[in-house]
Amino acid sequence: MIPVYVVLLILLAHFVADFICQSDYHALNKSKSNRVLLEHVTIYSAILSLFGLLFPINLAWIIINGVGHFATDYVTSRMTSKLWASNKKHWFFVTIGFDQLIHYTTLIVSYQLLIS
């Protein structure tokens, strides 16, 4: 079982990496360019690695979550761009919420399988 403090640190690391450290440029263009998406995921993975100084992680966990983040954002960023442009604000936010659920699940399940 993962200690609660580790779960909270993982969620904090994700918040910092995916929201605070994501520039407007990356947020607006990752749905249009795989290069921009890869830049976002590289920064995201680096921030996860830095937070890993506070709790035990390994390279496999970083790689799995980087690849998972890329795959998730590849789909959800394209969906949210279309929903926003279509003025479907409710479904835009539903998709953002689902995107975060996928990220949280990937982070916690991979941690449980690889490290705990």
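Cα-Cα pairs above 24 Å in the chain: how many percent?
Roughly 25 percent, rounded to a whole number.
Using a 1.4 Å probe on the protein chains only, how many percent of the accessible area of region 37-107 belongs to carbon and sulfur?
On region 37-107, the fraction of accessible area on carbon and sulfur atoms equals 77 percent.
Please list, in order along region 42-51, the HN-Hα scalar couplings obtained from phi with the Karplus expression 6.51 cos²θ - 1.76 cosθ + 1.60 (θ = phi - 60°), rounded to whole Hz, x for Gly and Pro.
Result, ordered by residue: 5, 5, 4, 5, 5, 5, 4, 4, 5, 5 Hz.
Along region 61-75, what does the Karplus equation 6.51 cos²θ - 1.76 cosθ + 1.60 (θ = phi - 60°) give for ³J(HN,Hα), rounded to whole Hz, x for Gly and Pro?
Residue by residue, region 61-75 yields 5, 4, 5, 4, 6, x, 5, x, 5, 4, 4, 5, 5, 4, 7 Hz.
Provide the FRET efficiency to the nearest 0.05 for the residue 38-residue 78 pair, computing r from the beta carbons and using R0 = 22 Å.
That gives a FRET efficiency of 0.90.
Quick check: the angle from helix 4-15's long axis to the longest principal axis of the chain, C-alpha only, nearest 10 degrees?
30
In whole Hz, with x marking every Gly and Pro, tabulate ³J(HN,Hα) for region 80-94 from phi via Karplus 6.51 cos²θ - 1.76 cosθ + 1.60, θ = phi - 60°.
With coefficients 6.51, -1.76 and 1.60, one gets 5, 4, 5, 5, 5, 5, 8, 6, 9, 4, 4, 6, 4, 6, 4 Hz.
Please give, to one decimal in nm, the separation of the simple spin-label points placed at residue 25 and residue 58, each 7 Å out from Cα toward the Cβ.
Distance between label points: 3.6 nm.
So with the 1.4 Å probe, I'd like the accessible area per residue for the chain, rounded to whole Å².
I get 58 Å² per residue for this part.
Below 13 angstrom from the Cβ of residue 45, what's the summed charge of the other residues (Lys, Arg +1; Asp, Glu -1)?
That works out to -3.
Once fully extended, how much extra length lies between residue 93 and residue 16, figured as 0.36 nm per residue of separation less the alpha-carbon to alpha-carbon distance?
In short, 25.8 nm is gained.
Could you grab the relative contact order for the chain? Cα pairs under 8 Å, six or more apart, rounded to a whole percent.
Relative contact order, the chain: 32 percent.
Could you work out the relative contact order of region 59-116, using alpha carbon pairs under 8 angstrom and six or more residues apart, expressed as a whole percent?
Averaging sequence separation for qualifying contacts and normalising by length gives 49 percent for region 59-116.
The values are calculated or read from the model by the stated rules, or taken from the named source; none is laboratory data. Computed from a predicted structure; not experimentally measured. Methodologically, a virtual Cβ is constructed for each residue, glycine included, from the backbone with ideal geometry; neighbour enumeration extends over all protein chains shown. What goes into the accessible areas is simple: the full protein's heavy atoms, side chains included, and nothing from ligands, DNA or RNA. Shrake-Rupley method; radii C 1.70, N 1.55, O 1.52, S 1.80 Å.
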